[in-house]
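The values are calculated or read from the model by the stated rules, or taken from the named source; none is laboratory data. Nothing here was measured: the structure is a model prediction, and the numbers come from that model. Glycine also receives a Cβ, built like all others from the backbone with ideal geometry; neighbour counts cover every protein chain displayed. In case anyone asks, the SASA skips ligands and DNA or RNA and just uses the protein heavy atoms, side chains included. Shrake-Rupley method; radii C 1.70, N 1.55, O 1.52, S 1.80 Å.
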Amino acid sequence: MIKVLLLDNDEMIHSYFEKIIDKTEIDFHQERKSEYLEKKYLEESATFDLAFMNLFLDDGFYIVDFLEKKNEIFSSSKLILLSPMADFELFQNLLQLGAYEILQKPFALNSVLHLISEYKKSIQKGLS
Amino acid sequence: MTLTEFFKSNIKIKIMVPLVLVLIFSTSITLYINYTKIKETSLESEAQNGTGLSEMISTNIYRQFDIEKDARLLQSFLSGIKKKFPNMLQIDLISVDKIIIASTDEDSLDSKTKDVIISDLIATNKAAVAWTEEPYYVLTTMTPISPKKGQDIVPLGLLKIKFDLKNLNVLLNDLLFSNTILYLLTLATLSAFILVILNKIIINPISSYKKVLGEISKGDYSIRLDEKRTDEIGLIGQSIDEMVMGLAEKEKLKSTFNKFVSKEVADLMMNTDSDRLGGDKRIATVMFLDIRGFTTLSEKLSGESVVRMLNEIFSIVSNEVTANGGIIDKYIGDAVLSVFGIPFSQGLKTDAMNAVKAANAIKLSMFDYNKKREAKNQPIIKFGIGINSGELIAGKIGSIERMEYTVIGDTVNMAARIEKENKKYYTTILLSGDTHSLIHKELPMKRVDAVKLTGREKETVLFTPA
C-alpha cells in the first residue's frame, strides 16, 4: 500500500482528493499546516511515497524553503506541487530543486489518479 | 415502522399512513361520541321509566297499606310486584329509621340500610330519584312514600327498587360492535378510494416522471412524457419535456462542436458562462505542425485531392494528439496547432512529455501513411514539428457573436518559429530548451543548436528526441 500525503489549506482540494482516493488501496494522510512536516515527520522519520503540497500555506510555509531541506525530511518521497499561479521560471526552479511534478490549479482530478497510477507502475517495474 | 423508516419510504406510504391514521382517529372519536350519546339517552329513558313505576308503586303502598302494621302484607305485595316486572332485581321498603321493613330479599329484612341519600330524601321529601351503578348498569330508584312531595310533609318511608339493565348493556354492546364494523368498512372503502385517486392523479405520474428522468440521466434524450394535463402535475411533466428537448439540442450542438474542437474544449465552452470573454494565464506545452512544400504540392493536385489529403493528415495528427492527452487548438491552412495542459493540466512535466510522445507517434504514423502514398505513386508528405513550453493565455477569444477557445502568447509564436528551424537542420521534431528543461531526466534528447529566433534577444537552444 502506498502512502500519500496532501498538504494544502484549500478545503475544496481536500474534498476532491477524498472523493477520488481509494483508501483501501492508498494510505492517505491529509494535513493543513506545515508544522506537521516539521514536527511529526522529523521526529518519527516517517516518509511518504507521494506528497501533494501547495506552494504556499497560510502559516507562512513556502515550498522553496522546504525543498532546500527536502532531502532531510522526504528523501525518498516524490513531491507533486499544487500551484495556484502560473510562473514558468519558478516552476523550472522548483523542478531543479527536486519537485517531481507541478499541477496548476484548477487541474483535472484524473491527473492526480494518473500520477498515483504512474508511481505504482514505476514501483512494480522496479520490483520486477 | 420507525420514524426514520417512514421518512425513507416511498411517497405512497408517506401519504397513506398519515391519512389512514387521521381517518382512524376521526372515526374512533365519532364512534365514541355516538356511543356515549346513545348510552346516556338510553339510561335517561330507563331512569324515567323506573322512577315513574316507582312513583306508582309508592302511591299504591301509601293508599293500600299501613306501613307500621302491614309489614307481612307489604312483603307479599312487593313479591307480587317483582314477579310482574322481571327486570326488577330487588324492592325494599325502608322506614324513616332507615330499617328495611319489607323486601323481596328476605335476608335484608330488619337490617339498617347504608344508603346516605336516605336522610336527605326523608328531610326534603323530594320526588323519586334514580341512579345507575357501573359496570352492570343497575338502575336504582328511591321514592318517598307520602301523599304529596314537599318539605312540609314527612314521608312514611322510602321505596327502593333496583332494576336490571343487563339487556340494555347487551343492546349497547351490540350497537357498538355493529357500528365499529360499519365504520371499519367505511374506513377501508374510503382509504381504497383515496388510494386509487392518489395513484391516478399524483403517484402514477410521479412514478412515470421518475422513470423518464432515470432514462434522461442515462443520456436518452429521445424520451417524452407528452403530458396533456393542465394541473400542477401536468405542468411539471410538460416542463420535463421542455428540459429534455433543451438537453437534446445542447447535446446535438455539443456533438457537432466536438467535430471541430476537442471534447475538453467543447465541454468547457458549453459549461461555462458563454458570454464571458477573456482568458487565464497558464503554463502549457504547445506543438506546432506544418506541412512542408504544401503550396507546390497543392498546385499539382485537384482541389478535392488536396482537401482529402489534408483531412487524412489532420486525422492522424488529431488521433495522436488526443491519445496523448492534448487538444487540437486550431487548423491554420496546412498547419495544426495543438496544446498539452489546456484546459486542464496533467502536470507540467507530464504535459511536456505527452507533447513529445505525440510528436514521435505522429512521425511514426506519417511514415506508414507515406509508405501507402508511395505505393500509389503519390508524392510523400514532409512535415515539421516545433514544441515549446511556457506561459500563455488560454480562454475564449473573439467577439460576442463569434468566439473560440484558444491559446495566445509568445510561447505559441515560438513553437511556430521553432518548427521552421526543422528545414535548416533536416529534422522533423525540434523542441525548445524550456521544454527540454522539464523532461530531460525522463526522455533522452539531443542538442541540435542554439539559434537566435525572431523576437528573442537571447539564443534559443534547440533539441530533438534522441
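Residues that are in contact (Cβ under 8 Å) with a residue 40 or more places away in the chain, open to solvent by 40 Å² or more (accessible area, probe 1.4 Å) and in contact with a Pro (Cβ under 7 Å, 6 or more places away or on another chain): does the range B:35-57 have at least one? No; the residues of the range B:35-57 include none that is in contact (Cβ under 8 Å) with a residue 40 or more places away in the chain, open to solvent by 40 Å² or more (accessible area, probe 1.4 Å) and in contact with a Pro (Cβ under 7 Å, 6 or more places away or on another chain).
When the range B:146-183 is limited to residues that are in a helix (DSSP H, G or I) and without any contact (Cβ under 8 Å) to a residue 12 or more places away in the chain, the one that is farthest from the chain's Cα centre (by Cα) turns out to be B:Val170.
Determine, yes or no, whether B:Ala352 is of a type in the set (A, V, I, L, M) and at pLDDT 95 or above. Judged against the criteria, B:Ala352 is a match. Please list, ordered by first then second residue, the pairs with beta carbon atoms under 6 Å, 6 or more apart or interchain, first in the range A:1-25 and free of Cβ contacts under 8 Å to residues at least 40 places away in the same chain, second open to solvent by 50 Å² or more (accessible area, probe 1.4 Å). Every condition considered, the pairs that remain are A:Met1/A:Asp27.
The residue of the range B:351-362 that is nearest to B:Met287 (Cα to Cα), among those that are within 14 Å of another protein chain (Cβ to nearest Cβ) and of a type in the set (A, V, I, L, M), is B:Ala352. Contact map, the range B:443-466: first residue in contact (Cβ under 8 Å) with a residue 60 or more places away in the chain, second residue assigned to a strand (DSSP E or B), Cβ cut-off under 9 Å, separation 6 or more or different chains; pairs are B:Leu443/B:Pro465; B:Pro465/B:Ile429; B:Pro465/B:Leu431; B:Pro465/B:Met445; B:Pro465/B:Lys446.
B:Ile385 meets the stated requirement of being buried (at least 16 other Cβ atoms within 10 Å of the Cβ) and assigned to a strand (DSSP E or B). Could you please let me know if B:Lys114 is over 30 Å from B:Leu168 (Cβ atoms) and of a type in the set (Lys, Arg)? No. Applying a threshold of 6 Å to beta carbon distances and a minimum spacing of six or more residues, or different chains, the list of pairs starting in the range B:329-350 at a residue that is facing another protein chain (nearest Cβ under 8 Å) and ending at one that is open to solvent by 10 Å² or more (accessible area, probe 1.4 Å) and part of a strand (DSSP E or B) reads B:Phe344/A:Phe107; B:Ser345/A:Phe107.
Counting only residues that are of a type in the set (A, V, I, L, M, F, W, C) and either buried (at least 20 other Cβ atoms within 10 Å of the Cβ) or modelled with pLDDT of 90 or more (or both), the range A:114-128 holds 2 of them. Of the set (1) closer than 23 Å to B:Met56 by Cα; (2) without any contact (Cβ under 8 Å) to a residue 24 or more places away in the chain; (3) surrounded by fewer than 16 Cβ atoms within 10 Å (Cβ to Cβ), all apply to B:Ile100 but (3).
Checking B:Lys441, B:Lys424, B:Lys446 one by one, the residue that is open to solvent by 40 Å² or more (accessible area, probe 1.4 Å) and within 14 Å of chain A (Cβ to nearest Cβ) is B:Lys441 and no other. Meeting the requirement of 3 or more residues that are in contact with a helix residue (DSSP H, G or I) (Cβ under 9 Å, 6 or more places away or on another chain) and modelled with pLDDT under 70, the helices (runs of 4 or more DSSP H) wholly within the range B:246-330 are B:263-271. The set of residues in the range A:76-112 being within 13 Å of the chain's Cα centre (by Cα), open to solvent by 10 Å² or more (accessible area, probe 1.4 Å) and closer than 23 Å to A:Glu25 by Cα consists of A:Ser76, A:Lys78, A:Tyr100.
Tally up the residues in the range B:334-386 that are out of contact with any helix residue (DSSP H, G or I) (no Cβ under 7 Å at 6 or more places or on another chain), farther than 27 Å from B:Glu404 by Cα and among the polar types (S, T, N, Q), please. Count: 4. Considering (1) open to solvent by less than 60 Å² (accessible area, probe 1.4 Å); (2) away from chain A (no Cβ under 14 Å); (3) touching a residue at least 60 places away in the same chain (Cβ under 8 Å), the lone condition that B:Ser365 does not fulfil carries the number (3). For the range A:83-128, residues that are among the small types (Gly, Ala, Ser), more than 10 Å from chain B (Cβ to nearest Cβ) and not in a loop (DSSP other than H, G, I, E, B) total 3.
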